[in-house]
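Below you'll find the structure, written out as structure tokens, and then a few comments.
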Amino acid sequence: MKRALPIVMAMAFAGPVFAQAPAANPNPNTPAVSTQSTPQPGQPAKGSNSFTEDQAKSRIEAKGFTNVTGLAKDNDGIWRGKASKGGTSQDVAVDYQGNVFPN
């Protein structure tokens, strides 16, 4: 009986170790937020987007666009709208990493 107590205690403390959550972003090729040194993917990355509308608009404007209108988040978590650059209006998108895509 004296041996049962240490075994039960060891099992109680070992349980939480096996219940740890996986890494938030297990793939380093798709960082949570892109930076200047991060290569931009060819298309918007689908995923849960935490940018607000104003933050998405700021990202678009930082890429030289003006007159950003109609921003709305689609079912894939991608902000989509219209913006002007070089005198022409075009579709734009911002993914959850902050990448801006003219379409």
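What follows draws every value from the coordinates through simple rules; no lab data is involved. Remember, it's a predicted structure, so these values are computed and weren't measured experimentally. Glycine gets a Cβ as well: all are built from the backbone with ideal geometry, and neighbour counts include every protein chain shown.
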Ordered by number, the chymotrypsin sites (Phe, Trp or Tyr not before Pro) in the range 49-103 that occupy a DSSP loop and have at most 14 other Cβ atoms within 10 Å are none
In whole percents, the bins of 10 Å from zero upward hold the Cα-Cα pairs of the range 46-103 as 28, 59, 12, 0
